[in-house]
Each structure stands twice: as structure tokens, then as C-alpha cells.
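Participant: One structure, as C-alpha cells, below. Some questions next.
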């Protein structure tokens, strides 16, 4: 089994500005290169990430592997959580 954090492949998308991102829902996306969380609208999504996009992420060390169902990210920061005080 590949190492890393598995993310469903349909949730790895390319934004219109060229950013490869993980769609966490509720307009919260995560830049796959920097790990930074960004708020964008669904209108800013161009399409699902293609094999060439994922191959590039593998070359730069952000993805350890992928298949038809999952993308395995290396060192993906956790989604921020709201806490009650």
C-alpha cells in the first residue's frame, strides 16, 4: 500500500489559475504544493487533476503515488478545525 495521506481522486482539482488543489468542501481548498488553505468558489475550478498534473506532484515530492481512486499526499497539513472555547 502506498504511503501518505489518501485523498479521493475526484477531490484533487485544477483551478483556473493553474493551482492544483484538494477540495475539502464548503469552498475550502488546499494548495497541493504549498499546503496552504485557500477559499475559492466552485466557479474557479477548471477540472479534475489529470495524470500529468499528478506526475508533476510526484516529481516534486508532494505525492507518493496515485491510482484511479486515490492520490497519496506526502506531508499534507491537516484541515483547520473550529474549536469551542
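Participant: If residue 54 satisfies every condition in (1) in contact with a strand residue (DSSP E or B) (Cβ under 8 Å, 6 or more places away or on another chain); (2) surrounded by 11 or more Cβ atoms within 10 Å (Cβ to Cβ); (3) assigned to a loop (DSSP other than H, G, I, E, B) but one, which is the exception?
Facilitator: (3)
Participant: So how many residues does the stretch 40-62 have that are closer than 19 Å to residue 79 by Cβ and under 13 Å from the mean Cα position of the chain (by Cα)?
Facilitator: Going through the stretch 40-62 one residue at a time, the tally reaches 4.
Participant: Also, quick follow-up: Here is a list of conditions, (1) within 22 Å of residue 81 (Cβ to Cβ); (2) without any contact (Cβ under 8 Å) to a residue 60 or more places away in the chain, and residue 7 meets all of them except one; can you say which number that is?
Facilitator: Every condition holds for residue 7 apart from (2).
Participant: Shifting gears a bit: Could you list, in sequence order, all residues of the stretch 14-30 that are exposed (fewer than 15 other Cβ atoms within 10 Å of the Cβ) and either at pLDDT 95 or above or on the phi < 0 side of the Ramachandran plot (or both)?
Facilitator: Those that are exposed (fewer than 15 other Cβ atoms within 10 Å of the Cβ) and either at pLDDT 95 or above or on the phi < 0 side of the Ramachandran plot (or both): 16, 17, 18, 24.
Participant: Provide a single number: the residues in the stretch 9-36 that are part of a strand (DSSP E or B) and touching a helix residue (DSSP H, G or I) at 6+ places or on another chain (Cβ under 8 Å).
Facilitator: So the answer is 6.
Participant: Would you be able to tell me the number of residues in the stretch 40-51 that are in a loop (DSSP other than H, G, I, E, B) and either surrounded by 13 or more Cβ atoms within 10 Å (Cβ to Cβ) or at pLDDT 95 or above (or both)?
Facilitator: Summing the residues that are in a loop (DSSP other than H, G, I, E, B) and either surrounded by 13 or more Cβ atoms within 10 Å (Cβ to Cβ) or at pLDDT 95 or above (or both) in the stretch 40-51 gives 3.
The values are calculated or read from the model by the stated rules, or taken from the named source; none is laboratory data. Everything quoted here is computed from the prediction, not taken from an experiment. In this analysis, Cβ positions are derived from the backbone assuming ideal geometry, glycine residues included, and neighbour counts consider all displayed protein chains.
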